[in-house]
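Each remark here refers to the structure printed beneath this line.
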Amino acid sequence: MIRSVVKGVGTSLPRRIMKNSEFETLVDTTDEWIVQRTGITQRHIAGDDESTASLGEAAARAALDAAGLTPADIDLIVLATSTPNNTFPATAVEIQNRLGITHGFAFDLQAVCSGFVYAITTADLHLRGGMAKRALVIGSETFSRILDWTDRTTCVLFGDGAGAVVLEAEEGTGALTDQGIIAASLRSDGSHKQKLYVDGGPSTTGKVGVLRMEGKEVFKHAVGMITDVIEETFRQGEITADQLDWFVPHQANRRIIEASAKKLGIPMEKVVVTVDLHGNTSAASVPLALASAVADGRIKKGDLVLLEAMGGGFTWGAVLLRW
Ligand code: ACO
């Protein structure tokens, strides 16, 4: 039985850090409001020489280094992004080219903040189906380019960045103790489109547009959707919450993370939180959080790890894996 095993994880963040206090001169807000309502203290913002492709490439190279592999070893790239460099070609193919890879295949996947969870699930299916042997799964975003910088209800929430993992198909026994992805569950429901969307696009306005969100409405649905899809993933993996070593949720808002963990009975000591330092980096948030907990030694080989995300669409999903 083939399992997709994580061989390495890497990240890349734009050079420029923007503190909450900088917003006080742009819109009617305060550092105190942002920290209290979201947990965010700062975020990284891409400069003119940085893009979804450049950040994604850097994260991919870091993940390859951590795995002890080179670009030549990769035959699949799945990039989760809602902020591609161009409408087409796919930014995944641009990253493939930047890495000097001309074999295998690469494509973008768009599920907004759930993008990384969708992408790792998609790569897992390709590996288990025999379509590829080693995949780079990347979440890379430059949401700063699609923000309305005069709208205080959204511009303070997001940041730019990228995270990546290398997944490799390995023969396993099928036991819960095997390394690799154990279970995954994905959901979407387009009836919630108006609560979180970008007000432009190639087929409608012909312009890129900016993000619009009814934050309170998203918040109202988030905890229920997140906990439902996680409970489904636990059922599939035949585990209970107390068996988890680490919960790595999408980093949109500290209050959503805390409420979800509480509802699931997961103590906050087992929850990885990076929203304070990165803001909401959409598809990059889960791999950025995962990488931070691997880098500081919290996540260790053999740990049972749960990834989760919820975002525009709505889309939501969870992945259970043995590190
Ligand atoms: N500074 C000061 N005041 C503000 C700010 C700000 N930056 N933003 C909003 N306010 C005001 C509002 O105008 C409102 O004022 P009013 O009472 O006079 O009308 C008041 O603060 C309260 O606003 P709410 O929207 O009720 O605040 P809430 O506690 O719900 O927090 C937030 C807002 C942080 C957006 C929260 O609702 C949230 O996190 N929502 C979910 C976001 C999310 O998870 N998105 C999904 C992923 S993103 C993706 O997929 C791209």
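The values are calculated or read from the model by the stated rules, or taken from the named source; none is laboratory data. What you see is a predicted model, and the numbers here were worked out from it, not measured in a lab. Quick reminder, even Gly has a Cβ in these numbers, built from the backbone with ideal geometry, and neighbours come from all protein chains shown. Ligands, DNA and RNA are stripped out before the accessible areas are found, and what is left, the full protein with its side chains, is counted by its heavy atoms. Shrake-Rupley method; radii C 1.70, N 1.55, O 1.52, S 1.80 Å.
Overall, the chain carries a charge dipole of about 220 debye about its Cα centre when +1 sits on the Cβ of Lys and Arg and -1 on the Cβ of Asp and Glu, all other atoms neutral.
GNM remark for the chain: springs join alpha carbons under 10 Å apart, and the peak mean-square fluctuation among S54, S282, S203 falls on S203.
In the chain, a dipole from Cβ-located charges (positive for Lys and Arg, negative for Asp and Glu) runs towards its positive end, and of Q42, Q251, G215 it is G215 whose Cα lies farthest in that direction. Between V208 and D178, the contour length at 0.36 nm per residue exceeds the alpha carbon distance by 6.4 nm. For the set K193/K216; K193/K220; K19/K262; K19/K270, the pairs lying more than 22 angstrom apart at their alpha carbons are K19/K262; K19/K270.
Take V27: with every protein chain present and a 1.4 Å probe, its accessible area is about 20 Å². Label separation (K300 vs D276): 2.4 nm, computed from points 7 Å beyond Cα along the C-beta direction. About the centre of its Cα atoms, the stretch 63-145 shows a dipole size close to 60 debye [charges on the beta carbon of Lys, Arg (+1) and Asp, Glu (-1) only; nearest 20 debye]. Computed from backbone phi with θ = phi - 60° and the Karplus coefficients 6.51, -1.76 and 1.60, the 3J(HN,Hα) list for the stretch 239-248 is 10, 10, 4, 5, 7, 5, 8, 9, 10, 10 Hz; x is used for glycine and proline.
To the nearest 10, the accessible area of D73 is 50 Å² with a 1.4 Å probe. Which trypsin sites (Lys or Arg not before Pro) in the stretch 1-95 pass both tests, a DSSP loop state and at most 12 other beta-carbon atoms within 10 Å? Hits after loop and neighbour filter: R15. Taking every alpha-carbon pair under 8 Å whose residues sit at least 6 apart, the chain reaches a relative contact order of 25 percent. If you keep only loop residues by DSSP, which GluC sites (Glu not before Pro) in the stretch 142-239 have at most 15 other Cβ atoms within 10 Å of their Cβ? The qualifying sites are E214, E238. Charge dipole of the stretch 2-171 (Cα centre as origin; +1 on each Lys and Arg Cβ, -1 on each Asp and Glu Cβ, all else neutral): 340 debye, rounded to the nearest 20.
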